[in-house]
1. So, in the stretch 112-130, how many residues would count as being out of contact with any helix residue (DSSP H, G or I) (no Cβ under 9 Å at 6 or more places or on another chain) and open to solvent by less than 50 Å² (accessible area, probe 1.4 Å)?
2. How about the stretch 98-111: which of its residues are assigned to a helix (DSSP H, G or I) and open to solvent by 80 Å² or more (accessible area, probe 1.4 Å)?
3. Kindly indicate whether any position in the stretch 45-66 is at pLDDT 90 or above, open to solvent by less than 20 Å² (accessible area, probe 1.4 Å) and part of a loop (DSSP other than H, G, I, E, B).
4. Among the numbered conditions (1) modelled with pLDDT under 95; (2) open to solvent by 70 Å² or more (accessible area, probe 1.4 Å), tell me where Val73 comes up short.
5. What are the pairs, 6+ residues apart or on separate chains, where a residue within the stretch 84-97 that is surrounded by 11 or more Cβ atoms within 10 Å (Cβ to Cβ) has its Cβ under 8 Å from a residue that is basic (Lys, Arg)?
Amino acid sequence: MPPAEAFLSHASANREAADEIAELLRKHGVPTFYAPTEILGAQQWQNEIIGALDRCDWFLVLLSPQSVESMWVRRETAYALAERRYEDKIVPLMLQDCDLGGLAWLKLFQTIDFRANIRTGCRDLLKIWGIGLKSS
């Protein structure tokens, strides 16, 4: 069943890839909380992120050397791991090879491979929800 809303956690260094993933998900009818497009000027961004984590029913985390070092990605992931409603609904998205380090708990989850191609990764991610990737 498709998400009511998916939370996309990422490092700012991976903004270009995250932009593309969020756009593809939305084009396929998957509502996606993606901070750069959801948080408006003058909003308290920490409150918006916490509100989205409380609201979303799937958690996607884009993995790269930068994201495993990101304090915010680690905080968002820890929050999702502690929430029972995210059980079986946490999906690591491997953008670049990296040592999970502080995100070692993610080794317990099946990873979707985005290393070769964003569209191929999105195709595999959408399959989880029974959605086929539309041609461009």
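The values are calculated or read from the model by the stated rules, or taken from the named source; none is laboratory data. Nothing here was measured: the structure is a model prediction, and the numbers come from that model. When we count neighbours, we look across all protein chains shown, and the Cβ atoms used for this are built from the backbone with ideal geometry, even at glycine. What goes into the accessible areas is simple: the full protein's heavy atoms, side chains included, and nothing from ligands, DNA or RNA. Shrake-Rupley method; radii C 1.70, N 1.55, O 1.52, S 1.80 Å.
1. Within the stretch 112-130, residues that are out of contact with any helix residue (DSSP H, G or I) (no Cβ under 9 Å at 6 or more places or on another chain) and open to solvent by less than 50 Å² (accessible area, probe 1.4 Å) number 2.
2. Filtering the stretch 98-111 for residues assigned to a helix (DSSP H, G or I) gives 101-108.
Answer for the stretch 98-111, where residues must be assigned to a helix (DSSP H, G or I) and open to solvent by 80 Å² or more (accessible area, probe 1.4 Å): Trp105, Lys107, Leu108.
3. Quick first cut of the stretch 45-66, residues at pLDDT 90 or above only: 53-66.
Those left that are additionally open to solvent by less than 20 Å² (accessible area, probe 1.4 Å): 53, 56, 59-64.
Those left that are additionally part of a loop (DSSP other than H, G, I, E, B): 56, 64.
Yes - at least one qualifying residue is present in the stretch 45-66.
4. The one condition Val73 does not meet is (2).
5. These pairs meet every condition: Met94/Arg115; Leu95/Arg115; Gln96/Arg115.
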